[in-house]
Amino acid sequence: MHIDSAVKDHFSDKIIQWHGQFGRKHLPWQHNRTPYRVWVSEIMLQQTQVATVIGYYQRFMDKFPNVQALAAGDSDDVLHLWTGLGYYASARNLHKAAKTVVDKFGGEFPTTLEAMEALPGIGRSTAGAILSLALDIPLPILDGNVKRVMARCFMVEGWYGQAKVMQQLWDIVEQLTPTKDIQPYNQAMMDIGATICTRSKPDCDACPVSEHCQAHNNDRITEFPHKKPKKVKPVRTEYWPLVVHQGQIMLNQRPPSGIWGGLYSFNAFDDERAVKEYNDVKSWDVKTWQELPEMKHIFTHFQLNIRPILIVIQDHQYLMSIADSNQSIWYKLDDELSFGVPTPVLKLIKQIKQLKLDK
DNA sequence: CACGCGTGGCG
DNA sequence: TCGCCAAGCGT
C-alpha cells in the first residue's frame, strides 16, 4: 500500500498539532528524557497500564537513577522493585541489558535499531520508542495503541497474530512517520490510541485524523481491529444414567488413561434413546425416570454437556451380576468416598444424597 | 504461529 | 462475578 505524500504530511501535521493541545506531557518518564529513563518506562509499560506503572517507575528511578547504577545493582534488589508488576523475565532482561550497555558500550545506549534490538527484552517497537522519544531519531513504533489506530485508519483485514498483518502495519507506520517532530508525533500516536481510539466506544469526534480514517468514513469502526477468532471448543453432549437402588448408586471405573483415567463415573451415552435401550437390556423395574438439569463441564479442549437421568429401580435380581461385570460398583450413598470421582460426578452424588431417595 | 509470562482494572 | 484486556517479547 502506498500512502500519498500530501496525505502523509497532513496526517502528521494533525497529529503533532493535537499533541500540542491534548497530549500527555507530564508523565514521570517524560521529564528529563534519556534513553535509560525511556527504556525503563517502556519495559514497565509492556502489557501494563500507565496508572499501575507510575509508582513502580518512581521507586525504580530512586534506587537506580542511571544505567550504571542498574548494572551495578543486585539482582535481588531489581526483582524486589519489580514485585507486583509481573513479567519478571522483563526485569531480568532489563538488568542483563544494563550490564551489556555498561560493559560493551561504555554506558552509552546504542543509537541504531539493530544494536538496540540486540539487547535482551527490546524488540522493534521498544527500540523505536527509545530512539525516537529520547533521541528524536525518526523511527516508527507499533505498540497496541498504534496498531489499533492504524488498523482502523487503513481498515487492515486480519488480526495481529498474522505475519502479513504485522508486515502491513509496519509498512504503514514506516510511511507515515515524519522526519521531524518524531517525539511529539509518536507520543501523540500512543496517546490517541490510549484515550480516543479506544478498543470500545472510540471518540471519533475528538480524533484529529478521523477524516483519514477509512473505518470511520465507512461507519465500520467497530469491525476494526479484527479479533483473532477464538477457537471454538467442540461441544459434546452425554447422557448419564444415575442408577439408584436402595441407597446405592452404580458407578463404573473408567479406563486407566484418557479423560478421568481410573476415576469412577457414570455410564455415558450419546442420546437418551441409547439410555432407554440400555435399560431395556437390563430389564430393570424402573420406579423413577427423571431428567435432571444439564451440567456444563469445561475441559481445556472441549466442553462437555452432561444430561443426567435419575433412574431409581427396585428390581435387584440383576444388581449383583451387574456389579460383578464391567468394573461396576454399587456405592452406598452413606459411605465416605474411598475412590476418585470427577467433579461433576461428585456434584451429582451430592445432589442425590439431598434427595434422600428410597431409604 | 502459538504460547507463556503476572497483575490489576473494568464492563 | 468473571472473562477480557493492557505501551511486547522470547521461545
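Table for the structure above
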{"quantity": "Filter result for A:Pro140 (closer than 21 Å to A:Glu117 by Cα and away from DNA strand B (no atom under 14 Å from the Cβ))", "calculated": "yes"}
{"quantity": "Segment A:161-172 residues that are among the aromatic types (Phe, Trp, Tyr), paired with ones that are at pLDDT 90 or above (beta carbon under 7 Å, 6 or more apart)", "calculated": "A:Trp170/A:Leu142"}
{"quantity": "Residue list for segment A:323-337, restricted to those being of a type outside the set (Asp, Glu) and at pLDDT below 80", "calculated": "A:Ala323, A:Ser325, A:Asn326, A:Gln327"}
{"quantity": "Check on A:Val156, of a type in the set (Val, Ile, Thr), in a loop (DSSP other than H, G, I, E, B) and more than 11 Å from DNA strand C (Cβ to nearest atom)", "calculated": "yes"}
{"quantity": "Identity of the residue in segment A:182-200, more than 16 Å from A:Lys8 (Cβ to Cβ) and polar (S, T, N, Q), that ends up farthest from DNA strand C (Cβ to nearest atom)", "calculated": "A:Gln183"}
{"quantity": "Tally, over segment A:253-303, of residues that are at pLDDT below 80 and assigned to a strand (DSSP E or B)", "calculated": "4"}
{"quantity": "Unmet criterion (only one of (1) away from DNA strand B (no atom under 16 Å from the Cβ); (2) assigned to a helix (DSSP H, G or I)) for A:Lys147", "calculated": "(1)"}
{"quantity": "Residue in segment A:161-173 that is in a loop (DSSP other than H, G, I, E, B), in the same structural domain as A:Ser132 (by TED's automatic domain parsing) and within 15 Å of DNA strand B (Cβ to nearest atom) present", "calculated": "yes"}
{"quantity": "Test: residue in segment A:210-219 that is under 25 Å from the mean Cα position of the chain (by Cα) and either aromatic (Phe, Trp, Tyr) or under 30 Å from A:His26 (Cα atoms) (or both)", "calculated": "no"}
{"quantity": "Long-range neighbours under 9 Å by Cβ, at least six apart or interchain, first residue in the same structural domain as A:Thr83 (by TED's automatic domain parsing) and within 18 Å of A:Leu142 (Cβ to Cβ) within segment A:36-50, second of a type in the set (Asp, Glu) and near DNA strand C (Cβ under 6 Å from one of its atoms)", "calculated": "A:Glu42/A:Asp143; A:Leu45/A:Asp143; A:Gln46/A:Asp143"}
{"quantity": "Sole residue being within 16 Å of DNA strand C (Cβ to nearest atom), farther than 22 Å from A:Gly128 by Cβ and part of a helix (DSSP H, G or I), chosen from A:Ala71, A:Ala89, A:Ala97, A:Ala51", "calculated": "A:Ala51"}
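Rundown of residues vs (1) surrounded by 13 or more Cβ atoms within 10 Å (Cβ to Cβ); (2) among the aliphatic types (A, V, I, L, M), yes/no style:
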position	(1), (2)
A:Ser210	yes, no
A:Met250	yes, yes
A:Pro256	no, no
A:Lys276	yes, no
A:Gln290	no, no
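The values are calculated or read from the model by the stated rules, or taken from the named source; none is laboratory data. Not measured: the values here are computed from a predicted model. For neighbour counting, all protein chains shown are included, and Cβ atoms are generated from backbone atoms with ideal geometry for every residue, glycine included.
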